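What follows is one structure encoded as structure tokens, with my remarks underneath.
The values are calculated or read from the model by the stated rules, or taken from the named source; none is laboratory data. Quick caveat, the model's predicted, so the values are computed rather than measured. Here the Cβ positions follow ideal geometry from the backbone for every residue, glycine too, while neighbour counts run over all protein chains shown. Please note that ligands, DNA and RNA were not included when accessible areas were found on the heavy atoms of the full protein model with its side chains. Shrake-Rupley method; radii C 1.70, N 1.55, O 1.52, S 1.80 Å.
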Amino acid sequence: MRQHVQTAKNRLYLASLSMALLFVVSLLLGSVPAYAAGDDEAALAEQSKEAFLQLQTGKRIAGEERSYETPEQPTVYLTFDDGPSKLTDQVLDILDEKGVKATFFAIGVQAKEYPKQLKRIVDSGHALGNHTYNHVYNELYSDFQTFWDQVQKTENIFDELVGVRPQLVRAPGGTATNFDAYYYYLMDQAGYMMEDWNVDSGDSKRAGVPASEIWQTVKASPLSHEINILFHDGTGHDNTVKVLPQVIDYYRNLGYSFATLTTKVKPKQFGLSKIKWNRGMSLTHFTKLYGETKAYAAEHSQPGLVEETPAPPKEEPIKVIAMQSEEESTVPLNIQLPGQEGFAFDPTLYRMHANRIELPLRTLVEKIGGQVAWQPDTKTATAHYGIYDIAYHLQTRSMELFKLGQPLATYAMADMDMRNNQIIVPLRKTIDSLGGRIMSARIESDRREVALSLRPYYFYNEPADSILQNSLFALVN
Ligand SMILES: [Zn+2]
């Protein structure tokens, strides 16, 4: 104890000595670079304090602006946490067999134990994410310092073993109830992207969840354009391996593609919630962490991150804005049909979603004088028009065409959605499914026009009246 006090005293002495020295040096050197460095430090402390005061209110500070890309195809991002493990090879075999790439959020301790599997993950073209060093909740969430240190330690292990420094991090247990505004801010400042999920396979609900239960959970989960699904790769998760081929087939049959998570994929994040940990943050500690995370970002330039260059004082900084996943329409959408009068959709009746046009089925059909019948038990909307019926099955995300009651064709339509009791269908995808084409599209802020080619292949041999063709075609868009 005495020794400790003595050391502290020595430190204090040294600190005041060096401060005095710095002062003398500053006086001697005037405004040469050595002095400017002091200025930077003061500026850093000021920035840190400003951030600290904002974060103290509990609200998140918007981080670096990134640009994201939304895939044209509906996409599933399979993610496997907690590995590598003795099961990793089996998981990788299945992925190889199915020709699917996935993302592995690996743990530092596990990587040291299964370096071969870690290497195989990377060599096979899967993405590697950071899932901390030991996954122990009450260490990771007692203080950001521990979380930060574990991410760094794990990253160094990955770098040593496979030469990868993942920018994607998944918080053990997810960010909900674990991450506060400080955690989000500091991770963001360091250049990392936090990845939660939007579908939980439920494979870690408790020990030994049966394969049938995981399967039911996956099937009952909502479908969206981009699905980030949580699985586990580790002891006790043999059933995840068992159900995996079935899950891949399921999404594939619905029309989904598979891809790895990247910094270009907009991350799923739960957002702020009341945390279940009792922890505090002092300004002194925050300033230290602020410096560390900033230094890390400077040292490891992160692709995908908008470069942080000090903006020239009088110029407008260039802004890269994340792609809006949903956009309120403000101008009408004009549909042009060759040889027929087109019509317009009021801004409230359609929307832009990830650069796609989505329209409510019922409004569209009624506009052209058809009818829609809704069967709530099977969640099927059937549009009647002339001799044609089109059934939209919401449960299976598929579309069935009938002519005079005889089935013509069935298409997968993963993008189908239900909103405000309306079935919403994407324009281009629907046209493509039917062999038609969008001839031209003007999607500008003040003008939206789409011209359709209305010659779907299954009409080629039909002497059908052209107005019927056009109208029917409009109906399924
Ligand atoms: Zn985990």
Distant-in-sequence amide H partners of ASP200 (H built 1.01 Å from N, under 5 Å) = LEU230
Work out from phi, with θ = phi - 60° and the Karplus expression 6.51 cos²θ - 1.76 cosθ + 1.60, the ³J(HN,Hα) of each residue of region 177-190, listed in order in whole Hz, and give x for Gly and Pro.
-> 6, 10, 8, 10, 4, 5, 4, 4, 5, 5, 5, 5, 4, 6
Give LYS49/LYS288; LYS98/LYS119; LYS59/LYS274; LYS219/LYS379; LYS49/LYS294; LYS101/LYS264 a once-over and call out the pairs whose C-alpha atoms are over 18 Å from each other.
-> LYS98/LYS119
Pairwise centroid distance, computed over Cα atoms, of region 193-246 with region 389-421, Å = 27 Å
For ALA373 and ASP96, extending 7 Å from Cα along the Cα-Cβ vector and measuring point to point gives, in nm, a value of 5.2 nm
Among 131-137, 208-214, the order from most to least packed when residues are scored by Cβ within 10 Å on average | 131-137, 208-214
Sort the following peptides by mean Cβ neighbour count (other Cβ atoms within 10 Å, averaged over residues), highest first: 76-87, 181-192.
-> 76-87, 181-192
Neighbourhood net charge (12 Å Cβ-Cβ; Lys/Arg +1, Asp/Glu -1) for THR132 | -3
Share of accessible surface on carbon and sulfur in region 75-299, whole %, 1.4 Å probe and ligands ignored, is 51 percent
How far apart, in nm, are two points set 7 Å out from the Cα along the Cα-to-Cβ line at LYS153 and at SER224?
-> 3.4 nm
With a cut-off of 18 Å, note down the residues of region 205-226 whose backbone N falls inside the zone around a label point 7 Å from the Cα of SER257 toward its beta carbon.
-> 224-226
Counted charge near TYR141, where neighbours are those whose Cβ lies closer than 12 Å (Asp, Glu -1; Lys, Arg +1) | -1
